[in-house]
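Engineer: Submitted below is the structure of interest, expressed as structure tokens.
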Amino acid sequence: MKRNIVLIGFMGTGKSTIGQALSRALGYPHLDSDELLVKKVGKSIPAIFAEEGEGAFRGYERQVLKELGNRQHVVISTGGGILNGGVNSDAVRSLGYVVCLEASPEVILERTSRNKNRPLLQGPDPFRTIQELLAQRSKHYREAAHLVLDTEGLSQTEIVAGILDCARYRLAKEDQ
Ligand code: S3P
């Protein structure tokens, strides 16, 4: 397995924040698939969705995923739709130790309602959209992950320590 930690999960589950904290703890660079995509395309995510549509965004996401394939010793935070209905699950798993972060729909709504950067949640009933997308996606996140972590009630320190312990255990086992 590649020496990378890859964070997957729904919008607002803390992938970027935890990714940055893991990056500091390990001394590995932190790469964010959304940031790489925005840099590559030269447009914001809302602009890509508005001008080219979700399909084009998923195509760019797939390219970014491919380009990440040659990285080692990095922490990667991914966009919430990166698995694309399971199409990209193998590609994501091949990147390293995959951790799925989970949170309740209520917590997700609270966190995601703070900004307008997520086109999928700008409709009239974001809570319903969150519930519907979770129903479609949760299975794919869990299948692609080596570790599924319910973050509810845990501090950032506890989440990071839990991930590091589990990742080290897994990698040590592989080295035996
Ligand atoms: C998306 C999640 C977003 C971003 C885009 C689409 C999704 O990333 O890639 O708005 O389909 O769940 P975050 O999970 O970092 O918010």
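Engineer: Under a 1.4 Å probe, what is the accessible area of the chain per residue, stated in Å²?
Structural biologist: 51
Engineer: Do the alpha carbons of any pairs in K2/K173; K2/K40; K43/K116; K2/K66 sit beyond 18 Å of each other, and which pairs?
Structural biologist: Table pairs above 18 Å Cα-Cα are K2/K40.
Engineer: Shape of region 93-176 from its Cα gyration tensor (a ≥ b ≥ c, root eigenvalues): rounded if a/c is under 1.5, otherwise prolate when a/b > b/c, or oblate?
Structural biologist: Prolate shape, in that a/c is at least 1.5 and a/b is the bigger ratio.
Engineer: Here is a follow-up. What order do E143, E102 take when sorted by accessible area (1.4 Å probe), most exposed first?
Structural biologist: Ranked from most to least accessible, the order is E143, E102.
Engineer: Express the carbon and sulfur contribution to the solvent-accessible surface of region 1-127 as a percent, rounded to the nearest whole number, probe 1.4 angstrom.
Structural biologist: Solvent-exposed carbon and sulfur of region 1-127 make up 50 percent of the total.
Engineer: From the Cα gyration tensor of region 27-176, with a ≥ b ≥ c the square roots of its eigenvalues, which class applies: rounded if a/c is under 1.5, or else prolate if a/b is larger than b/c, or else oblate?
Structural biologist: Since a/c reaches 1.5 but b/c is at least a/b, the shape of region 27-176 is classed as oblate.
Engineer: Continuing with the same structure: Tell me, what is a quarter of the convex hull surface for the C-alpha atoms of region 81-140, in nm² with one decimal?
Structural biologist: Its Cα hull, projected and averaged over all orientations, spans 4.6 nm².
Engineer: A follow-up question, please. Tell me, what is the Rg over Rh of region 1-110, with Rh the Kirkwood radius over Cα pairs?
Structural biologist: Reported Rg/Rh, Kirkwood definition of Rh: 0.95.
The values are calculated or read from the model by the stated rules, or taken from the named source; none is laboratory data. The structure presented is a predicted model; accordingly, all values stated were derived computationally and were not measured. SASA here: full protein model, heavy atoms, side chains in, ligands and nucleic acids out. Shrake-Rupley method; radii C 1.70, N 1.55, O 1.52, S 1.80 Å.
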